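Okay, here's the structure, questions in a sec.
The values are calculated or read from the model by the stated rules, or taken from the named source; none is laboratory data. Since this is a predicted model, take the numbers as computed values, not measurements. When we count neighbours, we look across all protein chains shown, and the Cβ atoms used for this are built from the backbone with ideal geometry, even at glycine. Note: accessible area is taken over every heavy atom of the protein model, side chains too, but ligands, DNA and RNA are not part of it. Shrake-Rupley method; radii C 1.70, N 1.55, O 1.52, S 1.80 Å.
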Amino acid sequence: MTLDGDVAIVTIDRPKALNALSSTVLEAIDDAFARIADAAASIRGVLVVGAGGRAFVAGADIAGMAGATPEEGRRSAELGHRVAARIEACHAPVIACVDGFALGGGLELALSCDFIYATDASSFGQPEVRLGLIPGFGGTVRLPRVVGPARAKELIYSGRRIGIEEAVASGLVVRRFADRDALLAGARETIAQVAQNSPVAVANAKRVLVGAAGRSTDEAVAIEIGGFGEAFGTDDMREGVAAFLEKRSPGFSR
Ligand SMILES: CCCCCCCCCCCCC[C@H](O)CC(=O)SCCNC(=O)CCNC(=O)[C@H](O)C(C)(C)COP(=O)(O)OP(=O)(O)OC[C@H]1O[C@@H](n2cnc3c(N)ncnc32)[C@H](O)[C@@H]1OP(=O)(O)O
């Protein structure tokens, strides 16, 4: 994890295995987000990227799965879900910057981020069934929320890979870019826009959005009402309203 101004960059760096997720890699991702939480006041956004130029993440480490017991499999999924929960609990927006393969646990890692930006060279899929597995890092939970249950079922049952056009059309990818440089510049531009806003309000909005995901309408509405009420107790809300009425730029908390 590196810091570039108020942007944290988490790089998955196992290019020889197309950045496949081992337990060690997952624990390192968890540690990176723990450090980001400790430095929350100075970080306005997080980019998650894959090293090597061919893959974001090509999935869980298949070599590491050989000979694993059901209990070991279950524990690895629990580890994955702990990491996903840590990412969703991050105070700042987390952008999955995909350049290349995002497959299996790689797509699931991207789905635990707030949204996905990707290059034209990227491809996405949940090929677990081709290994006699199923998604175990949130794919059956988060993919239906993003692309809809029917398209999620089609992708998970077929294990097929989709390219950038279909990924954008399905809503899986929010913005596409010609290449990695444009992707990272675009992601930084988005974080710069976020950084103009109240950090308290952005964190409040993320907490409400993540907390309401998958809930019933009544439960989600109650969570939003709670978050909206909390905003009225913040200095940033008082400053934001005052700045508008006084026709000046707000000076939000850091
Ligand atoms: C008890 C288990 C402990 C171990 C896991 C711990 C972490 C658990 C994480 C939480 C649970 C995750 C649950 C998840 O839903 C399950 C999965 O993700 S299953 C895996 C899904 N992914 C795939 O099936 C993709 C596999 N890869 C490919 O299909 C191809 O590599 C490719 C991406 C289409 C690219 O093909 P090529 O261009 O031909 O390149 P190569 O195939 O030659 O690959 C280059 C090199 O990388 C190695 N590699 C690629 N993918 C993986 C991988 N997922 N795991 C390990 N290694 C991988 C490949 O073997 C080559 O290595 P080399 O042969 O050169 O040494």
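Among (1) in contact with a Lys or Arg (Cβ under 6 Å, 6 or more places away or on another chain); (2) surrounded by 17 or more Cβ atoms within 10 Å (Cβ to Cβ), where does G159 come up short?
Every listed condition holds for G159 apart from (2).
In segment 186-242, how many residues are aliphatic (A, V, I, L, M) and touching a strand residue (DSSP E or B) at 6+ places or on another chain (Cβ under 6 Å)? Walk me through how you get there before you give the answer.
So the first thing to find is which residues in segment 186-242 are aliphatic (A, V, I, L, M), and the list is 187, 191-192, 194-195, 200-203, 205, 208-210, 212-213, 220-223, 225, 231, 237, 241-242.
Then drop every residue that is not touching a strand residue (DSSP E or B) at 6+ places or on another chain (Cβ under 6 Å), which leaves 187, 191, 194.
Adding up the residues that qualify gives 3.
Conditions (1) open to solvent by 10 Å² or more (accessible area, probe 1.4 Å); (2) touching a residue at least 24 places away in the same chain (Cβ under 8 Å); (3) polar (S, T, N, Q); (4) away from the ligand (no atom under 13 Å from the Cβ), marked per residue:
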site: G5; (1), (2), (3), (4): yes, no, no, yes
site: T24; (1), (2), (3), (4): yes, no, yes, no
site: A37; (1), (2), (3), (4): yes, yes, no, yes
site: R44; (1), (2), (3), (4): yes, yes, no, yes
site: D61; (1), (2), (3), (4): yes, yes, no, no
site: G67; (1), (2), (3), (4): yes, no, no, no
site: E72; (1), (2), (3), (4): yes, no, no, no
site: A84; (1), (2), (3), (4): no, yes, no, no
site: A92; (1), (2), (3), (4): no, yes, no, yes
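Residues are listed down the side, and each one gets a yes or a no for (1) within 9 Å of the ligand (Cβ to nearest atom); (2) touching a Ser or Thr at 6+ places or on another chain (Cβ under 6 Å); (3) open to solvent by less than 60 Å² (accessible area, probe 1.4 Å):
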| site | (1), (2), (3) |
| --- | --- |
| D99 | no, yes, yes |
| A110 | no, no, yes |
| A121 | no, no, no |
| G132 | no, no, no |
| F137 | yes, no, yes |
| L143 | no, no, yes |
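Here is a follow-up. What number of residues in segment 148-175 are without any contact (Cβ under 8 Å) to a residue 40 or more places away in the chain and within 16 Å of the ligand (Cβ to nearest atom)?
9
Moving on to the next point. Any idea which of A8, A34 is among the small types (G, A, S) and part of a strand (DSSP E or B)? Steps first, answer last, please.
Working: A34 fails: part of a strand (DSSP E or B).
When all the criteria are applied, what remains is A8.
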